[in-house]
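Trainee: Supplied in structure tokens, the structure appears directly below.
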């Protein structure tokens, strides 16, 4: 009976040591799981930060797009203004051509009038003498 009690006590001591070892392993596993959980929380915070950054980038891109649309509209407006200026310059050029033609016409008429005046004066001097001689 003594041997049986010793074997039973020894077996219980071995089982107790095994259970203590298992408990230590489980505590270690629990600590590791807590560490993993903390890391996952950190990763989640990083992902939330990245998401916020992406939202900010998206807002910036929308703002840049609006700016580019505004710039495009202003460039279209400038282009229309330049077209209008070009049309006005063409109109001014046509007016100047017309003025030049008028001046040429006036000059031509002036020359004709002067030549007519000279002819008339010559005629008057030639024709007036005989009339006075009567």
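Trainee: When you look at residue 21, is it at pLDDT below 95 and either surrounded by 10 or more Cβ atoms within 10 Å (Cβ to Cβ) or part of a helix (DSSP H, G or I) (or both), yes or no? Write out each step before concluding.
Mentor: Details: at pLDDT below 95: yes; either surrounded by 10 or more Cβ atoms within 10 Å (Cβ to Cβ) or part of a helix (DSSP H, G or I) (or both): yes.
The answer is yes for residue 21.
Conditions (1) at pLDDT 95 or above; (2) surrounded by 10 or more Cβ atoms within 10 Å (Cβ to Cβ); (3) in a helix (DSSP H, G or I); (4) touching a helix residue (DSSP H, G or I) at 6+ places or on another chain (Cβ under 6 Å), marked per residue:
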residue	(1), (2), (3), (4)
68	yes, yes, yes, no
72	yes, yes, yes, no
82	yes, yes, yes, no
91	yes, yes, yes, no
96	yes, yes, yes, no
112	no, yes, yes, no
119	no, yes, yes, no
129	no, no, yes, no
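The values are calculated or read from the model by the stated rules, or taken from the named source; none is laboratory data. What you are looking at is a predicted structure, and each value in this text was computed from that prediction instead of being measured. Counting neighbours? That spans all protein chains shown, and the Cβs are built from the backbone with ideal geometry, glycine included.
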